[in-house]
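Student: Take a look at this one; I'll ask things after.
The values are calculated or read from the model by the stated rules, or taken from the named source; none is laboratory data. This is a predicted model, so every value here is computed, not measured. So basically every Cβ, Gly included, is an ideal-geometry build from the backbone, and we count neighbours across all protein chains shown. For the accessible areas, the whole protein counts, side chains as well, though only heavy atoms, and no ligand, DNA or RNA atoms are used. Shrake-Rupley method; radii C 1.70, N 1.55, O 1.52, S 1.80 Å.
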Amino acid sequence: MLILTPNRRLAAFSKSLFQQQQASQQLNCWDSAEIYSIEAWVTQLWQHCLESRADLYRPLLTKLQQQQLFENIIQESSIASELLRVNAAAQNVIQAWSFMTQWCVGIEHLAIYAAFTADAAAFYVWMQEYLRWLDSQNYYDFGSMLNCLSANLGVIRDHLPESICLRGFTEITPQYSKFIAALQVCGVVITNDTMLQSGAVIARSAFTSIEAELAAAAQWAVNHIQQDPQQVIGIVVPELETLRAQVGNIFEALLDKSLLNISAPYPLANYALIDAALLILHLAKPNFNFDDISLLLRSPFIADHALESDLRARLDRMLRDKVSAKLDWNILINLLAATESKFYEKALNFKHLFGSLYGKHNAEHWATQIQNLLQCWGWPGERALTATDVDLLSCWRELLDDYCRLAMLIPKHNFSHALQMIQRLANETPFLPAETGLTKVHVLGVLEADGIAFDQLWVCGMTRDSWPMEASPNPFIPLELQRQYDLPRSSAMRELTVAKRLTANLKRGGKKNIIFSYPLLIEDYEMAPSSLIADLPLVTIETALVATKCYEQELEVLQDNTAPPLQEFIIKGGTTALKLQAQCPFKANAEMRLQAKPLLEPLNILNAAQRGSLVHAVLELFWLQCQSHERLLQWLAEGLQERLNVIIADVLKLWQTRLPGMLTDTYIALEAQRLLDLIYNWLKLESQRESFIVKKLEQRIVAKIGPLYINLQIDRIDQQNNGDIVVIDYKTGAVNPSAWDTDPIYEPQLPLYAVYAADNIVAAAVALLHPTNLRLIWADTKKQDWQARLEQTAQQFAAGDATVHPYSPKVCKHCHLQALCRIYD
């Protein structure tokens, strides 16, 4: 006997039940059960019809082709300019036409009401154009094919079964009713049955929130699986598509993915393997974002990733220091040329390959080019593919086939348009991996669960406001026509009738236990149970994890806040090491010894540190030429700005070779003016000092501080008229002089310079170069005191002190190590 179901989910469950029954009879083999969804079987029957009547042949319009066709029709109509989203309008039109077809509402009925509303008038015009296109191109959509099949069943009488059992049909559309009547005329015996059964224990339960409700349902499922691994459990979530991410997070945290099936699938684009392919295609252009190339560098889905993963991670870090947020392939290839990475060769070949992506071509041409682009990078990589990866690759090939099938509906187009269509298909195509026999917990929507009998069943979201669902008439079919034919979602009365029928079925959808649940609060609004379940007994669900009971034991707590001690050791960025040790020993240990530093984020503008480095560079070059206070006064009198313009231009020219994508000519002009205004005003301030000579610039020394050797680079050392030596540190950001007198010293840079730059230093100052605050901040030099405190900090760092002890909450505010130190736990 042939068994037909209203959807493929019930067909799959029916096949599984049949196989269990055969296995329970100790059979070694058996004939496959003929169980199909009615749509799948009708499609097979149509093929038999075409084999018998070639004159009936018309290709069947796919759902994607139908969507594209309606979008074309709407886009070309006069109303298109008034629509914000043509694709959303097309989806509503498809739904409207599907309702009309299934409930046998002819277009002539629509014509009677078309003049009453603008939406109905537009829909009527669009449908006329749609039907004309189907006739002119000799195509059928599914609804028109079913009508043709019903009228011609007699020619394939030999292919019809003797009997058909309709399983789980609680509502049959008028179109399918006519089809079934036609089958009966041909002698097919039609019967009905159901998997549903009575006798389960049914109750309701309330929870504080949606999150608590879902978590309880997930834990309840886990408990039942632990008690009996052979059980099949259903969790019904009415608004599953809306709650998909939340449901996934909660259930996947408790259940192995092999045991779980969530029916609202994510689109293909959400999966890393497909996302990597789309990333490659989006990079096929001269300019791109650094973030994209960074993702590609670290992707496991391109060739040689396993061989070069460490090298590519280092390349990613190197590029962050050298490029802006936007760059081009020439810049990237030049930077990669000196490396030994195979990524360089692939980038070079890719640049040449996408250079041919010009002109307008058909979909088949672009599909070939897309495959070439992916092959250039060795996608999907050399790693062993999982079963999910294999399914994803199959779906990707089907996606490209679907794109090619749209060729008849879209004219020749450029690569950019092709990529837009591929991206959209990936965003809208659900990924449906093959179900395995291991699946024990099924999370479904209400309609998918209808007609299935689980061992245990939990139905969520049964609030008065959401069940029955609100009426939501299709905007393109006149309301009078919808209510006349009782179309889906057309009225509150119809939704109540449907909800009553579905609720009655759900109350027979569990063999042992059935729970209907609801949240008491949604977004601060109090909820009440649906009237359809309010008469059920209220129970409290115990969801304590059974498995954890056998693992309860006392845990030992260890305090580990000391790293291995250092002997004499040269610290790169040693000033930073002492600063961090003073601010928080853990931060110093993590950043300086473990190199747990954040990755730089390239920008399209110079960051604060780069702008400060530019100021340093201009001042260094200026004082190399000027050298003294006397000459500064002379140049001020002769025209200092002209000299500064030349120096600034030389510095910016050098920087432009390093950051060509960022430092455009316009940006250079703006930055030159900023530097000129800032430094000219600063030099006027310096001219007011007593006479001095600049003795050294950017002097590099190695200072021994306790057990540490620290590299220092001192911005400037001056000699005054009286012979005193003064050390000057340039700053373009905020300065806090009180941080020089703390214990430990929170800002140790100037004290380090004062103590270790030279023996005869008598004064130290910060040159604060801020547009609104230009001044010299002189420090009260305490060389012996500073030295003692600096050496104590160095001793602590060398001894491995890594205590989580920030001197102030400000240290933690912008720290990136909170996940490691767990200070807020």
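Student: Go through segment 224-282 and report how many residues are in contact with a Gly (Cβ under 9 Å, 6 or more places away or on another chain), within 16 Å of residue 399 (Cβ to Cβ) and aliphatic (A, V, I, L, M).
Tutor: 2
Student: Now, a different point. Of the residues that make up segment 40-47, is at least one closer than 28 Å to residue 12 by Cα, open to solvent by 60 Å² or more (accessible area, probe 1.4 Å) and at pLDDT 90 or above?
Tutor: Taking every residue of segment 40-47 in turn, at least one turns out to be closer than 28 Å to residue 12 by Cα, open to solvent by 60 Å² or more (accessible area, probe 1.4 Å) and at pLDDT 90 or above.
Student: For a quick check of your reading of the model, give me the residue pairs whose first member lies in segment 93-112 and is touching a residue at least 40 places away in the same chain (Cβ under 8 Å) and under 11 Å from residue 477 (Cβ atoms), whose second is assigned to a helix (DSSP H, G or I) and among the β-branched types (Val, Ile, Thr), with beta-carbon atoms closer than 9 Å and at least 6 apart or on different chains.
Tutor: If the second residue must be assigned to a helix (DSSP H, G or I) and among the β-branched types (Val, Ile, Thr), the pairs left are 93/73; 93/74; 100/107.
Student: Hey, another quick one. Can you tell me which residue is most open to solvent (accessible area, probe 1.4 Å) among those in segment 50-69 that are modelled with pLDDT of 90 or more and in a helix (DSSP H, G or I)?
Tutor: Out of the qualifying residues, it is 63.
Student: Please go through segment 694-736 and pick out each residue that is at negative phi, small (Gly, Ala, Ser) and in contact (Cβ under 8 Å) with a residue 40 or more places away in the chain.
Tutor: Hits for segment 694-736 are 703, 733.
Student: When you go through 632, 675, 663 one by one, which is the residue that is outside any helix (DSSP H, G or I) and either open to solvent by less than 80 Å² (accessible area, probe 1.4 Å) or under 29 Å from residue 722 (Cβ atoms) (or both)?
Tutor: Exactly one of 632, 675, 663 is outside any helix (DSSP H, G or I) and either open to solvent by less than 80 Å² (accessible area, probe 1.4 Å) or under 29 Å from residue 722 (Cβ atoms) (or both), namely 663.
Student: As an exercise: evaluate residue 165 against (1) farther than 29 Å from residue 57 by Cβ; (2) without any contact (Cβ under 8 Å) to a residue 60 or more places away in the chain and give the number of the one condition it does not meet.
Tutor: Answer for residue 165: the failing condition is (2).
Student: Scan segment 560-603 for residues that are of a type in the set (Val, Ile, Thr) and in contact (Cβ under 8 Å) with a residue 60 or more places away in the chain and jot them down.
Tutor: Of everything in segment 560-603, those that are of a type in the set (Val, Ile, Thr) and in contact (Cβ under 8 Å) with a residue 60 or more places away in the chain turn out to be 562, 570, 571, 575.
Student: Would you check which residues across segment 90-143 are open to solvent by 30 Å² or more (accessible area, probe 1.4 Å) and of a type in the set (A, V, I, L, M) and list them?
Tutor: 94, 107, 111, 112, 115, 118, 121, 125, 131
Student: Being touching a helix residue (DSSP H, G or I) at 6+ places or on another chain (Cβ under 8 Å) and either exposed (fewer than 15 other Cβ atoms within 10 Å of the Cβ) or in a helix (DSSP H, G or I) (or both) is the filter here, so list the residues in segment 372-390 that pass it.
Tutor: Result: 372, 373, 374, 376, 382, 383, 385, 389.
Student: In addition: On the given criteria, is residue 419 at pLDDT 95 or above, assigned to a helix (DSSP H, G or I), surrounded by 18 or more Cβ atoms within 10 Å (Cβ to Cβ) and within 20 Å of the chain's Cα centre (by Cα)?
Tutor: Criteria met by residue 419.
Student: Restricting attention to segment 446-481, report how many residues are more than 25 Å from residue 195 (Cβ to Cβ) and either free of Cβ contacts under 8 Å to residues at least 12 places away in the same chain or aromatic (Phe, Trp, Tyr) (or both).
Tutor: Here the count works out to 2.
Student: Looking at (1) modelled with pLDDT under 95; (2) under 25 Å from residue 427 (Cα atoms), which one does residue 295 not meet, given that it meets all the others?
Tutor: (1)
Student: Please go through segment 576-595 and pick out each residue that is open to solvent by 30 Å² or more (accessible area, probe 1.4 Å), over 27 Å from residue 659 (Cβ atoms) and not aromatic (Phe, Trp, Tyr).
Tutor: 579, 593, 594
Student: Which one of 340, 345 is under 30 Å from residue 394 (Cα atoms), free of Cβ contacts under 8 Å to residues at least 60 places away in the same chain, surrounded by fewer than 19 Cβ atoms within 10 Å (Cβ to Cβ) and among the acidic types (Asp, Glu)?
Tutor: After ruling out the rest, the residue left standing is 345.
Student: Next question. Of everything in segment 778-787, what is assigned to a strand (DSSP E or B) and buried (at least 16 other Cβ atoms within 10 Å of the Cβ)? Give them in sequence order.
Tutor: 779
Student: Could you identify the single residue in 333, 293 that is crowded, with 18+ Cβ neighbours inside 10 Å and without any contact (Cβ under 8 Å) to a residue 60 or more places away in the chain?
Tutor: 293
Student: Something else now. Can residue 497 be described as hydroxyl-bearing (Ser, Thr, Tyr) and either at pLDDT 95 or above or over 30 Å from residue 536 (Cβ atoms) (or both)?
Tutor: In short, yes.
Student: Let me ask something additional. Looking at 619, 614, 606, which is the one that is closer than 21 Å to residue 658 by Cα, out of contact with any Ser or Thr (no Cβ under 7 Å at 6 or more places or on another chain), touching a residue at least 40 places away in the same chain (Cβ under 8 Å) and in a loop (DSSP other than H, G, I, E, B)?
Tutor: Among 619, 614, 606, only 606 is closer than 21 Å to residue 658 by Cα, out of contact with any Ser or Thr (no Cβ under 7 Å at 6 or more places or on another chain), touching a residue at least 40 places away in the same chain (Cβ under 8 Å) and in a loop (DSSP other than H, G, I, E, B).
Student: Related question: For segment 631-673, name all the residues that are under 19 Å from residue 771 (Cβ atoms) and touching a residue at least 40 places away in the same chain (Cβ under 8 Å).
Tutor: Listed by number, the residues that qualify are 640, 667, 671.
Condition check ((1) touching a helix residue (DSSP H, G or I) at 6+ places or on another chain (Cβ under 7 Å); (2) surrounded by fewer than 19 Cβ atoms within 10 Å (Cβ to Cβ); (3) in a loop (DSSP other than H, G, I, E, B)) across all residues:
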site	(1), (2), (3)
696	no, yes, no
709	no, yes, no
722	no, yes, yes
733	yes, yes, yes
738	no, yes, no
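Student: Can you report the number of residues in segment 154-198 which are under 45 Å from the mean Cα position of the chain (by Cα) and either open to solvent by 40 Å² or more (accessible area, probe 1.4 Å) or farther than 16 Å from residue 3 by Cα (or both)?
Tutor: Counting residues in segment 154-198 that are under 45 Å from the mean Cα position of the chain (by Cα) and either open to solvent by 40 Å² or more (accessible area, probe 1.4 Å) or farther than 16 Å from residue 3 by Cα (or both) gives 12.
Student: Against the conditions (1) over 16 Å from residue 473 (Cα atoms); (2) in contact (Cβ under 8 Å) with a residue 24 or more places away in the chain; (3) touching a helix residue (DSSP H, G or I) at 6+ places or on another chain (Cβ under 7 Å), where does residue 120 fall short? Just the number, please.
Tutor: In the conditions (1) over 16 Å from residue 473 (Cα atoms); (2) in contact (Cβ under 8 Å) with a residue 24 or more places away in the chain; (3) touching a helix residue (DSSP H, G or I) at 6+ places or on another chain (Cβ under 7 Å), residue 120 misses (1) alone.
Student: Exactly one of (1) charged (D, E, K, R); (2) surrounded by fewer than 18 Cβ atoms within 10 Å (Cβ to Cβ); (3) within 45 Å of the chain's Cα centre (by Cα) is unmet by residue 213. Its number?
Tutor: (2)
Student: From the list 790, 820, 768, pick out the single residue that is part of a strand (DSSP E or B) and of a type outside the set (Gly, Ala, Ser).
Tutor: None of the other options fit; the residue is 768.
Student: Criterion first (in a helix (DSSP H, G or I), in contact with a helix residue (DSSP H, G or I) (Cβ under 9 Å, 6 or more places away or on another chain) and not acidic (Asp, Glu)) does residue 654 satisfy it?
Tutor: Here the answer is yes, as residue 654 does meet what is asked.
Student: So which residues in segment 174-190 are touching a residue at least 40 places away in the same chain (Cβ under 8 Å), of a type outside the set (Lys, Arg) and touching a Ser or Thr at 6+ places or on another chain (Cβ under 9 Å), if there are any at all?
Tutor: 175, 179
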